[in-house]
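First up is the structure itself, then whatever we jot down about it.
The values are calculated or read from the model by the stated rules, or taken from the named source; none is laboratory data. Here the structure is a predicted model, which is why all the values come from computation and not from measurement. Every residue, glycine as well, gets a Cβ built from its backbone with ideal geometry; the counts of neighbours run over all protein chains shown. Heads up: the accessible areas ignore ligands, DNA and RNA and are worked out on the full protein's heavy atoms, side chains in. Shrake-Rupley method; radii C 1.70, N 1.55, O 1.52, S 1.80 Å.
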Amino acid sequence: MHLVTLIPGDGIGPEITQSVVDIFAAAQVPVQWETHNAGETALAESGSLLPQPLYDSLERTKVGLKGPVTTPVGKGFKSVNITLRQKYDLYQNVRPAKTTPGINTRFEGIDLVLFRENTEGLYAGLEVYDERLGIADSISRVTVEGCRKICQAAFAFASKHGRKHVTMAHKGNILKNAGKLMLEAAREAAAQYPEVTFYDDRIIDNMCMQLVGKPEQFDVIVTTNLFGDILSDLCAGLVGGLGVVSGANIGDNMAIFEAVHGSAPDIAGQGKANPTALLRSALMMLEHLGEKEHATRIEKALNETFLHKEQCTGDLGGKASTKEFTQFIIDKL
Ligand code: NAI
């Protein structure tokens, strides 16, 4: 039995985490949940966005499944996600994007995995505001170590999964130093993994254009934090939207799995949310825990459900509620 910290989160978080809990129970997945909240719900309950019992649980289980959380804006709170990623050095943000039969998209044959550096860049939290001069400095800090770690992770993943092509996206023509560190780190990793036969780099603006023009040419993409944040939503749009793309925050000692999307306050509590993104994140978690068979079985039931449009949620063109969609998956297990 694997002990996992479950963070339901805010907005649609509780609805979609319940869906995963129900599907795992029906599939008899050997996972036991320790539930702790974070974000606005936790703030209202306990006066803290990240209560101590949540940290204690994560440090015990080393694995988390997290719903989206809302960080109150303009009230001086540090983002819950950034806090967790930095505290536990979850330096890899891994976001697969793949076309799936039944989900309408403009392109066919997309199967890529984005590696986003998760702790540095503009997310390092280095901001200075000089009120007198009206100047805000947001410092984007990248380090040799950070660039090395994310590039190594991307190439190691490509090698392990038989993927032959890694593309590094950067802005080295303008951000000369940061770009140089990433270019050197990627070249160093490429030399260490000769079985990954094709390495190239692209300037980020060109990368966006190439992705919306011919996305099937990409395999593994590695980049810094903010570029990765933007590219991953772009990739989500290519394969069916935010409701279907999964993600993982991985460090050397802990991993927290979560959907790419946010707490979707516009549809919260209405039974409209698509739980697929969180479910797919949970399936990544099962692979991480060595439970590939369970992951494959649930994925098969999910993929069969996509083939019946009327069984899908509204974002996929269907009419089913979150609960009905969940039940259709359970019926196919
Ligand atoms: P969002 O991802 O919550 O929503 C964007 C649009 O996508 C909305 O129209 C929403 O209804 C739709 N959408 C998102 N997930 C969906 C799902 N599972 N099924 C169907 N439709 C879905 O982004 P937004 O509105 O920019 O952010 C809302 C809040 O979420 C903010 O407070 C933000 O800080 C937070 N957020 C949290 C994240 C996390 O905890 N990992 C990540 C991104 C944003």
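Quick notes
- When ALA320 is tested against the conditions (1) in contact with a strand residue (DSSP E or B) (Cβ under 6 Å, 6 or more places away or on another chain); (2) open to solvent by 40 Å² or more (accessible area, probe 1.4 Å), the lone failure is (2).
- Residue check for ASP205: farther than 24 Å from GLU324 by Cα, touching a Lys or Arg at 6+ places or on another chain (Cβ under 6 Å), modelled with pLDDT of 95 or more and not hydrophobic (A, V, I, L, M, F, W, C): no
- All told, LYS62 falls short of being in contact with a strand residue (DSSP E or B) (Cβ under 9 Å, 6 or more places away or on another chain), open to solvent by 20 Å² or more (accessible area, probe 1.4 Å) and more than 20 Å from ALA282 (Cβ to Cβ).
- Failed condition for GLY67, given (1) under 15 Å from ALA259 (Cβ atoms); (2) more than 12 Å from the ligand (Cβ to nearest atom): (2)
- Test: residue in segment 16-39 that is within 12 Å of the ligand (Cβ to nearest atom) and of a type in the set (D, E, K, R): no
Residues checked against (1) at pLDDT below 95; (2) of a type in the set (Gly, Ala, Ser); (3) buried (at least 23 other Cβ atoms within 10 Å of the Cβ):
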{"site": "GLN217", "(1), (2), (3)": "no, no, no"}
{"site": "ASN225", "(1), (2), (3)": "no, no, yes"}
{"site": "GLY241", "(1), (2), (3)": "yes, yes, no"}
{"site": "VAL245", "(1), (2), (3)": "no, no, yes"}
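- PHE328 meets the conditions (1) of a type in the set (Phe, Trp, Tyr); (2) surrounded by 21 or more Cβ atoms within 10 Å (Cβ to Cβ); (3) over 21 Å from GLU258 (Cα atoms) in every case but one. The failed one is (2).
- Taking the criterion of being farther than 13 Å from GLY67 by Cα and open to solvent by less than 20 Å² (accessible area, probe 1.4 Å), the residues of segment 1-30 that qualify are VAL4, ILE23, PHE24, ALA27, VAL29.
- Test: ASN104 is more than 21 Å from the chain's Cα centre (by Cα) and among the polar types (S, T, N, Q): yes
- THR119 being out of contact with any strand residue (DSSP E or B) (no Cβ under 7 Å at 6 or more places or on another chain) and open to solvent by 20 Å² or more (accessible area, probe 1.4 Å): yes
- Answer residue from segment 278-302, given it is closer than 16 Å to LYS98 by Cβ and open to solvent by 50 Å² or more (accessible area, probe 1.4 Å) and is farthest from the chain's Cα centre (by Cα) among those: LYS300
- Segment 258-285 residues that are closer than 20 Å to LEU231 by Cα and more than 6 Å from the ligand (Cβ to nearest atom), paired with ones that are at pLDDT 95 or above and basic (Lys, Arg) (beta carbon under 7 Å, 6 or more apart): VAL260/ARG95
- Qualifying residue in segment 170-187 (condition: open to solvent by 50 Å² or more (accessible area, probe 1.4 Å), over 24 Å from the mean Cα position of the chain (by Cα) and under 24 Å from ASP252 (Cβ atoms)): yes
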